[in-house]
Each structure stands twice: as C-alpha cells, then as structure tokens.
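Here the structure is laid out as structure tokens; the discussion comes afterwards.
The values are calculated or read from the model by the stated rules, or taken from the named source; none is laboratory data. These figures come from a predicted structure and were not determined experimentally. A quick note on method: Cβ atoms are made from the backbone with ideal geometry, for glycine too, and the neighbour counts reach across all protein chains shown. The area values use the complete protein model at the heavy-atom level, side chains included, leaving out ligands, DNA and RNA. Shrake-Rupley method; radii C 1.70, N 1.55, O 1.52, S 1.80 Å.
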Amino acid sequence: MNLHNESLYKYFINNEQTSGHQSLIFGLRELNSTEIFQFCLENSSIINPPITNQPFYFTSNYELRIYTSACYYLDKNNQWKSDGLIVGPLTNHYQIQCFSNHLTSFAGGFIILPAPINWNYVFTNADFMKNKTVYLTIIFVSIIYIILMIYARFNDKKDIEKLGVTPLLDNYKLDQYFYQILVFTGQRINAGTESKVQFILSGDNDETHVRTFTGPHRKIFQRSGIDAFIITVPKSLGLLNYIRIWHDNSGKGSSASWFLKYIIVTDLQTMEKFHFISQRWFAVEKDDGFIERILPVASEMEKRAFFYMLSKKAYHNVSDGHLWFSIFSRPSSNKFTRIQRCTCCFVLLFSSMLLNIMYYDLSVEANMSKKTVGNSLSIGPLYITPQQIVIDVMVELFSLIPSLLIVQFFRRIRTRQQISPLRQALYKLRPSLQIQKNIHLTKKKQCELTFSWWCLFIAYGLSFIIIAISIFFIIARGIEFGDLKTRKWLTSVLTGIFSSILLTEPIKIICLAIFFACFCRNMNDDKETSEYIDDNEIDLDNDEDYFHSIENDSLFISQSTKYINRLNRNEVAYAREQRLKEIQIWSIIREFIIYLIFLILICLITYLNRDQNSFFQVQHLRKYFFNTKQTDYNYIQISTINKYWNWLENSFISNLRAQQWYNGDQPRYLNGFINDKSNRLIGWSTMRQLRIKTSLCSDQRLISTCKNDYSLFNEEKYSFQPGWINKTTEEYSSSILKAFKYSTSNELDTYMYIGKRGIHSGNGYVYEFRGRLFDIKSNLSLLHKLGWIDERTRAIFIQLTLYNPNVQLFTSVTFLIEFLSTGSISPTARFEPINFYVFTSIIQLVCIIIYMGFIIYFMIIEIGLLYQLKLKYFSKFWSLIELGIIICSWGSVGVYIWGFKEFNRISSLFQKTNGYVYINLQFSVYINDLLTFLLGFCCFFGLIKLIYLCRFNQRLLLFSQTLKYAGKQLISFSFMFSIVFISFLCLFYLLFVSNISSCSSLLETSQMLFEMTLMKFDTSQLIEANAFLGPFCFTLFIFLIVFICLSMFLSIINGSFRRARENKFEDHEIFSFMLKKFLYWTGLKNLSRSEIQEEQDSRMRSQYFDSIENFPDKIDQLLEAINKVYIDQKSELLRLKKAGV
C-alpha cells in the first residue's frame, strides 16, 4: 500500500479464520526501493513476505486502527450466541455485515464511542513546543475567561446600584398614600438622559403637583435601564388617567435626549397596575422635536399590540436568553448574575470542545467515506450517513445537558435576603400589605423548585470540575493528534461555535419573540416587570447604601420650594437649532474619519497587490529576450519570416536553458533555469500557430484564390501531416507530428488573446520545446525545412511561464508575431508578473475582511438613501460615485476569491509535479488584470469623493457648485461640440489617410485633432501632404473649434461660476460654526464682548413668549400654593387637637 496516498487500506479476517486461535500478530513495515521493485512493480504475487527482526523506520506518517466486530443471536434461553453467523467482509467501524445459515434474528452494536486515548503516548510527548496549538488554545481561552469574570464582577456591582427603589425627595412627610413608579428607558443609541425629568400624575379624584425624578445616590435613566421610585400623595388619586412628563434639556450633547419606552405605576395599597406606553423620543433633535408629552393609560388592546409585545419580548430574550450576549446585556434585576452566566458559557464552551475533539476522527472519517457507504442518503451533492447523524446528535446532547443543568441550577438558587430594607419599612407602615405579600410568596414557592443560597458553592464546584476535566482530556487528545491536526480541529470547532453564537442563537431568539408576540400575548407573564415589583426576585444584600431607610434617612422629606423649568416653544426651537448643528458637526467629523480609514484601506489593498520588483523583472526579461544589442537577432526589428526563424533558432532557444558561466564552469543546481540563472522555467515553453483557410478572391480576373487577414470565422481547423500535406510516407517524431495537428483551447488550456492587429482564439497547431537543447534545435530546423510557417500563417504565439525565487514572482511571457495579408509582420510581447503570495498574506486577508465590513456599512447607508429619495437618488452625482465604489469593491472581492481558487489550483498542480509540467498562467493574468482594473477604479472613485468630504473649503465648494450649475448647459454644448468634432474627424481621415501616419486610423486621427486643439501639432505634415487642403483644413478647424467652441465653453463656466459665488452655502456656515467651537474648546480664542452680548441677545429672544403662553404654569403654581396652605392648616389643626387645645 502507498502511504503517500490518502486512501484507506483494510485487511479483514472473519470469525471462521480466527476460530481456534487465542491471539493474532499483526506486523507493518516500510519496503526499501529493491523490495518495492520486486514485490510491487513486477506485479508478482508475494509468496514469502519479507519478514525480519531488524528495526525499520518509516519515512511517511500513517495511522493504524484495529477493531473487532461480532454477530450474535438470542437463543431460547435468552443467551447471546454466535454459532451459524459469519462476519462479512464489508464490515467496518460504522456498520456490520452478518451472514446467517439459520432464520434466527441477530443483532450488532450501534453505539458509536470515541477512540480510546493512548496515555503512554500522551505522557511521552507532552512537550509544549510539540503541541503549541492545544496549549496556547487552552491558555488563551482561560485568559479570556478571567478577563470576562473581572468584567462581569465589575458590572454586577454596578447592577446592584441600579436596583435601588428611590423615594422622591419632594415627598411630603404627612402624605399617607404610596405609589411605585417604574420607568423603562429604551435600548437605542443615546437613549439615556442626564436632564432633569419632571411629571404630573393625574387620576379621577386628584392629580399631583409637579414632581421631579431624582437619584441622589445613583444615576437614573441610563440606556436600557429600569428605575423604580416611590411617590407619596395625601390621598388616593383614584383610577389614573394620564401622566404628563417632560425634561428640561439640561444634559450635555446627546445626554440631553431621552427615549422612554413605557411607565408602570403601581398602587401599593391595592397592587393595581397602570401602564403608560410611550415608545417615543423626548429630544429636540429627533422624532417630532417635543420634550414634553401626555401619556394616557394604556388599554388592554394597546398592551397586547404586536410591536409593543415584540419589543419587550425580543429585548428580554436577547438580554437574558442568549447566554453569551447576556454577559454584556443582562437585566440588572435578574438574580442570575453575570459571573454565573460567564461560568456557564465556558462550561458549555469547554464541554463542546471536548466532545468535538473526542469525536473529530469519527466525523472526519464519516465525511470521507460518506459517498461510498451504501446506506447514505443523497440530496443533490450532499451525502448524509447514519453515523454522521448519530455523532452530531451525541455531541450536541452531551454538550447541552451539563450546561443546561448548570444554568438551571444557578437560576433556581435563592438569595440570602429576600425582602429589601425598604419593603420591610413599608410593611411596618402597612401590615396588610405584608400579609398579602407573604401569601403571594407562599403560592410562588409552591409552584417553583428553588435551592438554598449555599447551593451556589456546589454549582461553582460542579462548573469548575467540568471545565478542569474538559481541559485535561482536550490537552490529551490534542497531544495525540499532533500540532497540524489540532489546528484543523481548532478551525472546525471555532467555526461551529461562532456560527452558533452569532447566527443560530440570535435567529432562534428572534423567531421565538415573534411567535410569542403573535400567539402568546400574556400580560401577566411579564418577567421584566415582575422582577422589580416582587422583591423576592431581587438580590439586595449589599444595597443599603442606595436606599433611604427609616433609621438613617427620613423616607418622607418635607416638601421644599422648587423651580419648575419647562422650556417654552422658542427655547425648544433654539435648542433644536443648536443641537442639529452639533449633530451635523459630529456627523461630518465621523464621516471624514471613517472615509479616511476606508481610503487608506483601499490604498493598502491596491498597493499590496503590486510588487515593487515587478518593473525590474519585466525590464530584465525584455532586455534578455529581445536581444536589442544584436541587430541580427533583435526581436523588435523582425520584418520577415526568415528573420523570425533566425531569432528563434539562434537567440530564443539558447536562452531557454542554463548555459555555462562566463568562466566556463558548468551550471550546478540550475536544472530547469533559463540562461539568466535567475528565472526557472515552469515545465516547458510552447509555440502555437494560427492559420487561415484559402478563399476565392472577390475579383478573380488576376488571381483566383486569396489569403485574407485572420478572423475567428476563417480559421483553419483541420489536422495535417508534416509539410501541410494530407499524406506522407516519411516517419517523424511525435513532437513534429503534433506541430501539424489541430488542437482546441480546452485541450491546450489556452484562452482568447487580444493582439495589436486583431483578436485570436486559443486553438491552433502547437510545438512544445521539450527535451534536450540539441533535440529542440534539430526539431526547429526540421520545422523550418517543412515550411511550418508559410503564407497561410497569421499568428505565432510563444508562451512560457517563469518563476523567480529571489523575488517570489511568477511571470507569464507571451511573444506574438502577427502576419498581415499585406505581407507585413507585427511583433509584440507581453510580460505579466504575478505575485501569488499576495493571496496567502495575513495583512492582505485582514485588510480584505475589514474592507468588506466597510462596504457593508456603506451599502446600508446607500440603501437608506435610496429608500428615502427613490429615483432621485440616481440623479445625484455623489450617489453615482458611491455606487461605483460599492460595485467595484464587491467586484474586486469576488475576483480576489476567484484568484485565490486559481492560485490553489496552480499551487496543487505545481506541488504534484514539482514544476515539471507546463502551467499556462494566461487565465491568471486575466484575473490579475481584472482585479487591478477594479481596484484602480476603487481608488479613482475614492479619491474623487475626497472633493465631497472637503466641500467646506470655499474654493472646492465653488468648483463643485460651478459644475453643478453648468451641468445641463455642458451636456447641450457637448452634443453640439461632438457633431462639429466628428465632422472634422471624418474630413481629416478621408483627406490624409494615405499621406499622414497620424491619420492612418480614426483613433489616431482623433488623437491628432485633440493635439491641434491644444496647439501642440506640427503643421508641416499637413503642408507636405497637400499644399492647399492642409493649411485650409487646419485654419478652418482652429477657427471653429478653438475660437468659437472653446469660447462658448468658457462662457458657460464663467456664468456658472458667477452664479455659484453669489449664493451662500450652508456647508460653509457649518464649517465656520465648527471652527469657532473648536477654537473656543481649545482656548485658542476667547469670546469677545460683542460676541457674548450677541449670544445673550439671541437667547433672550428665544426665551421671549407671550404671557398667555405662561398662563397654565401660573395656574399650576397658584393651585400648588393653595394646596400647600390647606395641608399646612390641616396639619396644624390636627396637632392642636392632639394637644387638647
């Protein structure tokens, strides 16, 4: 068996051969070269195998598996027996084949167990340097676990601070009625606020005065936060109707805005809940710009609305249900802490890694043999075997069960203290509430299984035991695998884990949220709310610092005089204007930084794809092959067929093989190198000819047959004998015969080629420069004599592939000689250096991945603009530039992947043949050219967009606005100019096509006319061509094009420039505002008295409003004063009554 082959070899011994034997001896050794020739190459049967006691060392790696299988049947006495059963030769470690000579039912094993660990090998080879991958993996994962534990502990402490139920500072000490207010801040970016929030709560019986949410010991209204407050009122407000809530916009920057999800008010006497749904911004710069809203009590229909339920369920499922995400977004009220979640995550991670590495060999072998297993299920190109299903199910179950049990164990552990100090104080004031609470807790405990607080240590102990066992066996199996195989396993397991965390779990959570929002809209099952209202669900052991207990601080502080800061309409408008300017400034700065990074990334990818040695490589090969110093062998000066044969036989052939050194020494270790001793020839060079068919002339009066120029339709496609004849009696070598045999492009692995004089196919008649140098020269001389190149030859391609190991550059070399029907010869050559190592560069790969992230980001922005602007999007110039960047970027990524696959194909072919086979890089050259083309346009569009980013510069702004205003007029002018220019193009081409080389084609004529427009043309050629028509046509062209058309063009530009200069631009004002803010912030410029006075005047103008607008506030203040006098008098009468006065 050939160990270089990855096939599986099997030696089977059935139970009939082993009967009567107690043991078997199995031997394996490697044959030497003599034994290979004797026993393998001569196809002789081995009668006496070469068995010896001498030690042998293997030069190739191999794996050996020995397993036993058996077939049994159950007899009448319920005993398992094997007589009459034979194990078949198709038995393997996945299935058992049994032959029976009786009709008794028989059975075989079905449980797939991992291979046992060779502990002797593990302890012998447990060196760190031999097994760096597995050791570094465990160390790296452990470090991540420690870092996440520190992060989790820090945030768990912060979560405890968020759990405080804060009594409002403006609670009155004699108020006897209590309400709990839960405020839910949204999860959107900048949803939290630092502004002062005030409200008025209104019911059927009464309403509160203006109350202020305060948190003297902790921050309130943070993003994704839930804040609980206790408000006291003199008497019950009755059924609540609405809450009027606002803030004073006093926060700095984005901290002024606030996104309120909803508010839940609970009557602590009756435990009745009232929901106030907002789902709106309180921000001057977002939504409708309002910072004050009236929220009515939500009805049952509103509370069961789909989007309301979906927002609650989706966030709670992601923040609490996704184990990995919950480390960072865990609800602060949940007793399942971040540290516990982090521990459960790593229990799941290590158990998954353990089971994957234990079953890795079995799963790989199942995948390798899935197409050969008879009972596999085929679905298109996919094959599924029962072994694969069993292995996957076992791995998933065995990894899920311990993690699931640990998670539930942690979730059901009770805290030491179940009622907070604040609740205890409230229960002392209201004993009836305590009775109801105890009943509620009793019912809850009866329906839920929980564990005592000390079980927490057991849960941590079990977690660390599972992690330690997993680490031990992962290291053992990794040592057994070896470092290379461990890397393959690590890639496989990391791909599975990340796809599960980032793809599978989020999709599952979103689908569950949608399902529950559609079909299970149970308002009582509100975990987010119940955890705050029910203190038994909150861990408040160390929370005394954040509660105002009766002993330390008075729960009810006397009401103090407060200032009600409610912005009027003008103040809101002024704040909105200033905030929008600040947002625009930060948006501009962010856009500029992001795009600058993106542009640097484009340049890195583009210029990393170019090799600095490419130019020197091409320059060297041109001088080497063209041989310009010798006029007889100069490739560029070839003008006849004889000169071409002369260059081919005397210059090109001698350069294909490494010759003697300058001092006469023979070239050593340069087998396969060309004569420059630096470039190695990959395989051999090929010479391919394209011929045409003979056809009848259109005018047959002089000559009947003609030989036209080459085209794809008149190409000769028949095979001939040497000498371009149909039959021959002489014998020739295979290389000569092949040179006259037609081959297709699929057979030759060649592609279409665009030459200087036309497009050529990849077919043709091929001669290969193979063998010794003497044989090649002899064959070329014979081809010359046989007239291989004749009057029907239209193109000769010489193609070779070189590799320079010094600079790691492949070079595709193509020499093309085109024979025209006029008899002239046009020699061209193309040298295309390719650096395939770009595709294996880590820097290039990282840049490509980050680049794709940027493209996805820009696509999201452009899709939003397209949805907003509809068809107007395509009329904007900068939108087209963005589309160009996106299309070219995705195209370059696709071509990069295409090139990577082509590189793998070529590298595998090179590895198999060690470079001794012809490898055509023509297709790789096309891919490289396409990639260069796309990356070049990416850089072009990217640099053009810099003009848009620098639009705050007044000169650039004038330039872009001038082009914008002149757009329509320039289109009309271009149409008129094209007509005039094409007229002169036809005139000059028809008059001077045979006299002036610059007018030999339409393209060259147009180039000449543009040079005349720029006044960079020598008129002597026109005078020599025709003394009258030349100067006349030139004068007419200058008058119409230069004097008239260009003057019209300048007039259009001047008018648009004047119009652009007269307009004021908002972008320039934003830039001035941004510059002023920057100078004030850095202290480089201080506000002058006039500027201070102007800013104060603008603020005063914004704060001015009619007195009628202030009337509701004045009435509120009056009612508040009356209410205060009434309550003070009532309390005084009560005090006098108690004193007996």
- [ ] May I ask which of Lys303/Lys581; Lys235/Lys1138; Lys219/Lys581 have a Cα-Cα span longer than 31 Å here?
- [x] Lys303/Lys581
Open item on the list: I need the phi-derived Karplus couplings for region 1036-1052: 6.51 cos²θ - 1.76 cosθ + 1.60, θ = phi - 60°, integer Hz, Gly and Pro marked x.
Closed with: 5, 5, 4, 5, 6, 7, 6, 6, 8, 5, 5, 5, 4, 4, 5, 5, 5
- [ ] Could you work out how far the C-alpha centroid of region 777-811 sits from that of region 194-247, in angstrom?
- [x] 90
- [ ] Could you check how much of the accessible area of region 836-950 is carbon and sulfur, as a whole percent, using a 1.4 Å probe?
- [x] 78
Open item on the list: Taking the solvent-accessible surface of protein heavy atoms with a 1.4 Å probe, what is the per residue accessible area of region 575-720 in Å²?
Closed with: 59
- [ ] Heavy atoms only, probe 1.4 angstrom, no DNA, RNA or ligands counted: give me Lys727, Lys901 ranked by accessible area, highest first.
- [x] Lys727, Lys901
Open item on the list: Keeping all protein chains in place and using 1.4 angstrom, which order do Leu484, Leu987, Leu136 fall into by accessible surface area, from largest down?
Closed with: Leu484, Leu136, Leu987
TODO: Quick one: pull the percent of accessible area on region 168-231 belonging to carbon and sulfur, 1.4 Å probe, ligands and nucleic acids left out.
DONE: 46
- [ ] Can you work out the accessible area per residue across region 836-950, with the rest of the protein chains kept in place, probe 1.4 Å, in square angstrom?
- [x] 54
Task: Burial order of peptide ranges 255-267, 231-243, 62-74 (average beta-carbon count within 10 Å, highest first) - done: 255-267, 231-243, 62-74
Task: Relative packing of 849-862, 613-626, which averages over residues the other C-beta atoms within 10 Å, highest first - done: 613-626, 849-862
TODO: Pop a pseudo-label 7 angstrom from the Cα along the beta-carbon direction at both Glu731 and Phe128 and give the gap in nm to one decimal.
DONE: 7.1
Task: Heavy atoms of Ile144 accessible to a 1.4 Å probe, total area in Å² rounded to 10 - done: 60
TODO: Would you please classify the overall shape of region 836-950 from the alpha carbon gyration tensor, given that a ≥ b ≥ c denote the square roots of the eigenvalues, rounded means a/c under 1.5, and beyond that prolate means a/b larger than b/c while oblate covers the rest?
DONE: prolate
TODO: Working with all protein chains in place, sort Asp204, Asp75, Asp1116, Asp159 by solvent-accessible area computed with a 1.4 Å probe, largest first.
DONE: Asp204, Asp1116, Asp75, Asp159
